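**Q** The structure follows.
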Amino acid sequence: MKPVRILLLATATALFVNAGCSSSDDSSASPATGPVGGPVASFTDAHCDGQPVGTIDPAACKTPTPDTGAGGAAADGTAGAAAGAANCDQTHDAEYGDTLSNSEGDDDDCKYHVSWSSTPVRLNADVTFTVTATDKTTMLPLAPLADGDVPLSRLDVYEPCNETHLGPSQNLKPSIAQTAPGTFTAGPIKFDQSGRWVVRFHFYEECIDQDTSPHGHIAFFVDVP
């Protein structure tokens, strides 16, 4: 009976080793957990109320035209930054219009209405944004111009309290794709510090930045736990 006892002992040892390996593999495959951030809740964007809707002429993409001053940005370029802007978490880039709270609003020049969602926003986790944009004049989704480029051109990602901190290098060149008319995905973006960030979406960046050109941009605050 001695050989049988040895065989049983070897079998039990193998089962124990296999069980330990299986447990280790399962734990490594567990999904990311922890607090989830996202858009900063605040009052509904109204910076285009009372402003003329920016009418877009595709021909103005490459042809300079007189600047009529239409749109939501203030004439001094400060875009009407809110009172209390000394708080860097609420500071707006003077080159653009106000950075917006919530997850939808109108672009700087009141040409487009934009909304966004994302995969869970966690510290040091890859995040993919889904962006939907429509023309405020025609109410049609944004579509490629004659050059065929995707309307969403690029993203700016930075901390308003430290504008030189852009996060990992992957944030400089995220993959952008059109998934449906006027709907785009962009990512992965990684937020490597907790706190408030800004994400700016640029549209038709191949065009001149002027009133009637398709060129446009909009920025939102994003909180990272």
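The values are calculated or read from the model by the stated rules, or taken from the named source; none is laboratory data. Keep in mind the model is a prediction, meaning the values are calculated, not measured. Positions of Cβ are backbone-derived with ideal geometry, glycine not excepted, and every protein chain shown enters the neighbour counts.
**Q** Considering every residue within the stretch 134-153, establish whether at least one is within 30 Å of T33 (Cα to Cα) and among the hydroxyl-bearing types (S, T, Y).
**A** The answer is no, given that none of the residues of the stretch 134-153 is within 30 Å of T33 (Cα to Cα) and among the hydroxyl-bearing types (S, T, Y).
**Q** Looking only at the stretch 180-201, how many residues end up being within 14 Å of A143 (Cα to Cα) and in a strand (DSSP E or B)? Before the answer, list the steps.
**A** Initial filter on the stretch 180-201 (within 14 Å of A143 (Cα to Cα)): 180-184.
Restricting the remaining residues to those that are in a strand (DSSP E or B) gives 180, 183-184.
Residues that pass the stated criteria total 3.
**Q** Taking T130 as the residue in question, decide whether it is among the hydroxyl-bearing types (S, T, Y) and at pLDDT 95 or above. Write out each step before concluding.
**A** Numbers: among the hydroxyl-bearing types (S, T, Y): yes; at pLDDT 95 or above: yes.
Yes: the conditions hold for T130.
**Q** Of the residues in the stretch 91-140, how many are among the β-branched types (V, I, T), part of a strand (DSSP E or B) and either more than 18 Å from T44 (Cβ to Cβ) or free of Cβ contacts under 8 Å to residues at least 40 places away in the same chain (or both)?
**A** Going through the stretch 91-140, the residues among the β-branched types (V, I, T) turn out to be 91, 99, 114, 119, 121, 127-128, 130-132, 134, 137-138.
Now drop any that are not part of a strand (DSSP E or B), which leaves 114, 121, 127-128, 130-132, 134.
So of that shortlist, the ones also either more than 18 Å from T44 (Cβ to Cβ) or free of Cβ contacts under 8 Å to residues at least 40 places away in the same chain (or both) come out as 121, 127-128, 130-131.
Going through the stretch 91-140 one residue at a time, the tally reaches 5.
**Q** Pick from the stretch 141-173 the residues that are more than 16 Å from the chain's Cα centre (by Cα) and assigned to a strand (DSSP E or B): which of them is farthest from V198 (Cα to Cα)?
**A** This residue is P141.
**Q** Sticking with this structure for a sec: Being in contact with a Lys or Arg (Cβ under 6 Å, 6 or more places away or on another chain) and under 22 Å from Y96 (Cα atoms): is that true of H202 here?
**A** Working: in contact with a Lys or Arg (Cβ under 6 Å, 6 or more places away or on another chain): yes; under 22 Å from Y96 (Cα atoms): yes.
Answer is yes for this residue.
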